[in-house]
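**Student:** One structure, pasted below without further comment.
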Amino acid sequence: MTDAQPPKSTSPFGSEAAIARLKDRHAAERRFKLYGQLAIGIALSALFVLAYSIISNAAPAFTKHEIVFHLTLDAETVAPNGVEDTQATASNISGFYSLIQDDLRETFPEAATERQLRRELYALVTRLAVLDIARETAETPALIGTTKRFTAPLSDDLDLYLKGGITARRTLTVGQAGRLSVLESGLYSLSDSGPDGFPEFKAKIETDTAADSSVLIRLQDAWFRLEAHSGAMLTLTHLAGALPQLGEQQSAEISALVLFVAQANRAVSDRQIAWAILLQEKGRIRRKQNFDLLTKADSTYPELAGAAAAIVGSIFTMLITAFFAIPVGILAAVYLEEFAPKNRLTNMIEVNINNLAAVPSIIFGLLGAAVFLNFFGMPRSVPLVGGLVLGLLVLPTVIIASRAALKSVPPSIRTAALGLGASKTQAVFHHTLPLAAPGIMTGAIIAMARALGETAPLLLIGMVAFVNEVPTGPDQESTALPVLIYKWFSGAERAWEPMTSAVIVILLVFLILMNLVAVLVRRRFERRW
Amino acid sequence: MASATPLITPVVRAERTDNPIKIDCRNINVFYADNQAIHDISLLIPDRAVTAFIGPSGCGKSTFLRCLNRMNDTIDIARVDGKIMMDGADINDPAIDPVLLRSRVGMVFQKPNPFPKSIYDNVAYGARIHGLASGKSDLDRIIEKSLHRAGLWEEVKDRLAAPGTSLSGGQQQRLCIARAIAVNPEVILMDEPCSALDPIATARIEELIDELRERYCIVMVTHSMQQAARVSQRTAFFHLGKLIEVGDTETIFTNPTNQRTQDYITGRFG
């Protein structure tokens, strides 16, 4: 558009000076447009980076690995106090966990002999993972004595390893296996099928890996760790899986898995990795959608934790906030806008409402703690108190939005109603308020969205508590989504990181939904006059 | 100066009126905070006739009109002194509820202001809040009658459910008149009812006003002297918050007694 320059001095419309000024003006316009586009570009790219980083961080948490077990629930182990004592059965974690332990020991007998190895093996499944089957068995005693398929989440660190985390890795081909023989207890030597002693492999090991990287060697069903490679031999420690025939010519391909992070520096041992790979090959470890994230409450173990308690807590909190802030806010706005006399007191109230909207949210948390908890003696950590505090927090916003909406209704509507003999209240409730409703609802929903994302006030009234039961009412202990983000983010295990991002995604979905509703309400009920 | 010919020659239609007095305003003063807008105005307004208020902008004619249905009550800083007797009762008496007063004194505003509702609901609103209709059919009858009287029935009878705001400007103003009529008032106040309309719509409204004066006491503020001359029987000239002259329209436009009236209607100021 701006390319169309006016013709040079030949123009019949102006002097050369005027044309030069015009040129400056066009240049200024182009500059301004460019600045504007730049600003939008910055905003959009910030948004994209945010969305990309959160979603890519969260992606691993949307699936998780589970181990399949077929447990025979014999009465003696799972219900030592008798079938009738369902309470005892439901909390008989040791009994159920021993079934898991037995199964794991049977699968990997090489770990059965040593205590240290057994502990490593049992770490594949968390003790508390059996809570589900314990409860189910307590509820349906008919299960006792049968064989039940049960899936337990894999320990969080192994889960992360299988998703490609924990350590960088690389697979190498080694060559043809020769003879495997025992050096001493647990230590084996493996020769090449030819006389060379895996020269290519050894060269790669020398050049490509650090001194403390683990090199795992796969020979048929067994995993070994490479301890040394001298002469024509590889010296190996047996880690997991059934040993091949000793002393025979193997004539099998061998491969190697290089783990670049040293065993001492990661949460999973070489042996656990080998077990996990073997279980995966047997089809006993599967990757599944992580619906637990939406259905389970918090836990100290990332693989058992879910955001359900926080989601439900947030919903209860929002309901309380909405039931408190929206009616009170609308009534205050209607009174101030339509009924209050215009005097100094009203002015002062107005100014203070505007100030209140700018008060940092943590102050409202302090207020909530002082008034609701200490003075009224309400329980800590419940959505009722959280909702009231957030309601107070967003009340000024609701009032301001509602007043703006009421103000935007043309005064002619009001005078028309009054001129017909409507009382002030009738004019407000029949005409002004319905016309302002879309604006009020939009403001209220956006205020709710703000409340949904608030963390600080909830921390101060104790909604940061560890909650491992999904709350059933607004008077139950509970937590909220932003608080859960804060809590999980400060968790020590690496697995909390994707989980935190996943909760952020859930929170963002809620926020987007609420804003969408606000837009729809505005579109649907917008009236023109 | 008496020789100056008036700009406006009144139409013959504006006959003298000897109708009984409907509203008797005595010594009206209006203050906006410390600012006096109306200075001691006394005025008689006859029934079943059109009384026009003319005068330059800011002369207080709209303010005075708004005294007649106590619309000034809705302005916090406004204060009205004096007696306005309507059918023998002072409408400024605190015992009189402005809500009831306004059901007897309807008002039509400068800019057409239909509610953003259907045509039907616009007209029905006043009747509903005052409980004038005993049932649906009664309400239908009131609405048809009011739209008839406002000369709008033929144009909208097939689309009563359409929004009032979808009508043209002139139709909207007639809808507002119908809305005022539906409450069954005795007095209709019109605050420059044609100033937002084109000449054709204006002509229709003027015709309508002429018909309506058969039934109602009409008080109209207008900026157009021609309009005052065409439709009113009585004319009051306001200037700087004072009533300068009031009389039969014919007299005011042909033989005003006051020099300022003379100057105004001959176009020397205003």
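**Student:** Please report, for the Cα atoms of the protein assembly as shown, the Rg to one decimal and the Dmax as a whole number; what are they, in angstrom?
**Tutor:** In Å, with Rg to one decimal and Dmax whole: 43.7, 143.
**Student:** A further question on this structure: Along the charge dipole of region A:401-529, pointing to its positive end and built from +1/-1 on Cβ of Lys, Arg, Asp and Glu, which listed residue (A:504, A:476, A:413) has its Cα farthest out?
**Tutor:** Positive-end residue among those listed: A:413.
**Student:** Given the rule -39500 (n - 2.57) for each run of at least 4 DSSP H residues, summed and divided by the residues of chain A, what is its mean residue ellipticity at 222 nm, to the nearest 500 deg cm²/dmol?
**Tutor:** On the way: 19 runs with 264 residues, N = 529.
Mean residue ellipticity, 222 nm, calculated: -16000 deg cm²/dmol.
**Student:** Another question about this same structure. Provide a whole-number value for the mean count of partner chain Cβ atoms within 10 Å of the Cβ atoms in peptide A:411-417.
**Tutor:** Details: counts 2, 7, 4, 2, 7, 13, 6.
Mean number of neighbouring Cβ atoms from other chains: 6.
**Student:** Rounded if a/c is under 1.5, else prolate if a/b is larger than b/c, else oblate: which is region B:132-192, with a ≥ b ≥ c the root eigenvalues of its Cα gyration tensor? If you can, show how the numbers build up before the last one.
**Tutor:** On the way: a/c = 2.09, a/b = 1.09, b/c = 1.92.
Oblate shape, in that a/c is at least 1.5 and b/c is the bigger or equal ratio.
**Student:** In whole angstrom, note down how far apart the Cα centers of region A:474-529 and region A:171-249 are.
**Tutor:** Cα centroid to Cα centroid, the span is 52 Å.
**Student:** Given region B:21-265, what count of lysine pairs have C-alpha atoms under 19 Å apart, with each pair 8 or more places apart or on different chains?
**Tutor:** Pairs that pass both the separation and distance tests number 11.
**Student:** Binned at 10 Å from 0, what are the whole-percent values of the Cα-Cα distance distribution for chain B, short to long?
**Tutor:** Per 10 Å bin, starting at 0, the Cα pair percentages come out as 7, 30, 35, 22, 6, 1, 0.
**Student:** Once you have a ≥ b ≥ c as the square roots of the Cα gyration tensor eigenvalues for region A:405-464, tell me rounded if a/c is under 1.5, and otherwise prolate or oblate according to whether a/b is larger than b/c. Present the calculation step by step, with values, prior to reporting the outcome.
**Tutor:** Working: a/c = 5.49, a/b = 3.42, b/c = 1.60.
Verdict is prolate for region A:405-464.
**Student:** Modelling each spin label as a point 7 Å along the Cα-to-Cβ direction, I'd like the residue A:286/residue A:359 distance in nm, to one decimal.
**Tutor:** 5.5
**Student:** Can you find, among A:143, A:436, A:27, the residue sitting farthest towards the positive end of the charge dipole of chain A, where Lys and Arg contribute +1 and Asp and Glu -1 at Cβ?
**Tutor:** Toward the positive end, the furthest listed residue is A:27.
**Student:** Where is the GNM fluctuation largest for chain B (alpha-carbon springs, 10 angstrom cutoff): B:121, B:140, B:76?
**Tutor:** B:76
**Student:** Then there's this: Provide the solvent-accessible area of residue A:514, counting protein heavy atoms only and rolling a 1.4 Å probe, rounded to the nearest 10 Å².
**Tutor:** Accessible area, nearest 10 Å²: 40 Å².
**Student:** If you bin every alpha carbon distance in region A:399-502 into 5 Å steps from zero, what whole percent lands in each bin?
**Tutor:** Spelled out per bin, shortest first, that is 2, 11, 14, 13, 11, 9, 8, 8, 8, 7, 5, 3, 1, 1, 0.
**Student:** As an exercise, use a Förster radius of 35 Å and the Cβ-Cβ distance of residue B:226 and residue B:42 to find the FRET efficiency, rounded to the nearest 0.05.
**Tutor:** Values: r = 27 Å, r/R0 = 0.78.
For residue B:226 and residue B:42, the calculated efficiency is 0.80.
**Student:** Additional query: Where in chain A are the DSSP H helices whose alpha-carbon span along the long axis reaches 30 Å or more and whose Kyte-Doolittle mean is at least -0.5? Don't skip to the answer; put the middle values down first.
**Tutor:** On the way: long enough: A:16-58 (62 Å, 0.48); A:308-334 (38 Å, 2.26); A:383-407 (33 Å, 1.74); A:496-525 (43 Å, 1.67).
Once both thresholds are applied, what remains is A:16-58, A:308-334, A:383-407, A:496-525.
**Student:** Estimate the FRET efficiency between residue A:475 and residue A:85 by the formula 1/(1 + (r/R0)^6), using the beta-carbon distance for r and 25 Å for R0, to the nearest 0.05.
**Tutor:** Working: r = 31 Å, r/R0 = 1.23.
It comes out at approximately 0.25.
**Student:** Further, regarding this structure: Report the gain in length on full extension from residue A:343 to residue A:425: 0.36 nm times residue separation, minus Cα-Cα distance, nm rounded to one decimal.
**Tutor:** Numbers: separation 82, 0.36 × 82 = 29.52 nm, distance 2.06 nm.
Taking residue A:343 through residue A:425 to full extension adds about 27.5 nm, to one decimal.
**Student:** While we're looking at this one, here's another question. What stretch of chain B, leaving out the sites themselves, is the longest with no GluC sites (Glu not before Pro) in a DSSP loop having at most 15 other Cβ atoms within 10 Å? Can you show the working numbers first?
**Tutor:** On the way: sites that count: B:15, B:214.
Excluding the exposed sites themselves, the longest stretch runs over B:16-213.
**Student:** Okay, next question. Hey, quick one: spin label on residue B:259, modelled 7 Å out along Cα-Cβ, who in region B:23-55 has an amide N within reach, i.e. under 20 Å?
**Tutor:** B:55
**Student:** When N counts the residues of region A:308-525, how does its alpha-carbon radius of gyration compare numerically with 2.2 N^0.38 Å, as a ratio?
**Tutor:** 1.15
**Student:** Per residue of A:420-431, count partner chain C-beta atoms within 10 Å of its C-beta, then hand back the mean as an integer.
**Tutor:** Mean number of neighbouring Cβ atoms from other chains: 6.
**Student:** In whole Å, what are the Cα extents of region A:63-113 along the three principal axes, biggest one first?
**Tutor:** 37, 34, 15
**Student:** Continuing with this model, one more query. Between residue A:408 and residue A:374, what is the label-to-label distance in nm when each label sits 7 Å out along the Cα-to-Cβ direction?
**Tutor:** Simple spin-label model gives 4.2 nm for this pair.
**Student:** Using a/c under 1.5 as the rounded threshold, could you call region B:50-203 rounded, prolate or oblate? The axes a ≥ b ≥ c are square roots of the C-alpha gyration tensor eigenvalues, and prolate needs a/b larger than b/c, oblate otherwise.
**Tutor:** Numbers: a/c = 2.25, a/b = 1.35, b/c = 1.67.
Oblate shape, in that a/c is at least 1.5 and b/c is the bigger or equal ratio.
**Student:** Please work out the Kirkwood hydrodynamic radius for region A:62-146, using every pair of different C-alpha atoms, and report it in angstroms with one decimal place.
**Tutor:** Working: mean 1/r = 0.0739 Å⁻¹.
Every distinct Cα pair counted, the radius reaches 13.5 Å.
**Student:** Any number yet on Rg/Rh for region B:154-248, C-alpha, Kirkwood? The partial results should precede the final answer.
**Tutor:** On the way: Rg = 14.7 Å, Rh = 14.7 Å.
Looking at region B:154-248, the ratio lands at 1.01.
**Student:** What does the average come to when, for each residue of peptide B:118-125, you count the partner chain Cβ atoms lying within 10 Å of its Cβ?
**Tutor:** 1
**Student:** Pairs to check: A:64/A:202; A:64/A:204; A:163/A:296. Give those whose C-alpha atoms are more than 30 Å from each other in this structure.
**Tutor:** On the way: A:64/A:202 36 Å; A:64/A:204 34 Å; A:163/A:296 22 Å.
Exceeds cut-off: A:64/A:202; A:64/A:204.
**Student:** As a test of the formula, what do you get for chain B when each DSSP H run with n ≥ 4 contributes -39,500 (n - 2.57) and the sum is divided by the residue count, at 222 nm and rounded to the nearest 500 deg cm²/dmol? Could the numbers behind the result be given before it?
**Tutor:** Values: 10 runs with 90 residues, N = 270.
Result for chain B, helices only: -9500 deg cm²/dmol.
**Student:** Let me ask you something else. At 7 Å along the Cα-to-beta-carbon direction for both residue A:118 and residue A:72, put a label point, then send me their distance in nm to one decimal.
**Tutor:** So the two model labels end up 2.0 nm from each other.
**Student:** Let me ask something else. Determine Rg/Rh for region A:162-293; Rg is computed over alpha-carbon atoms and Rh is the Kirkwood hydrodynamic estimate from the same atoms.
**Tutor:** Details: Rg = 15.4 Å, Rh = 15.5 Å.
With Rh from the inverse mean 1/r over Cα pairs, Rg/Rh is 0.99.
**Student:** Next up: Can you give me the accessible area per residue for region A:162-293, using a 1.4 Å probe, in Å²?
**Tutor:** Numbers: 6150 Å² over 132 residues.
On a per-residue basis, 47 Å².
**Student:** Ok, one more. From largest accessible area down, sort A:320, A:315; use a 1.4 Å probe on the protein chains.
**Tutor:** Details: A:320 30, A:315 75 Å².
Per-residue accessible area, sorted high to low, gives A:315, A:320.
The values are calculated or read from the model by the stated rules, or taken from the named source; none is laboratory data. As the structure is a computational prediction, the values presented were derived from the model and not from experiment. Positions of Cβ are backbone-derived with ideal geometry, glycine not excepted, and every protein chain shown enters the neighbour counts. When the accessible area is computed, the model is the full protein with side chains, heavy atoms only, and any ligands, DNA or RNA have been set aside. Shrake-Rupley method; radii C 1.70, N 1.55, O 1.52, S 1.80 Å.
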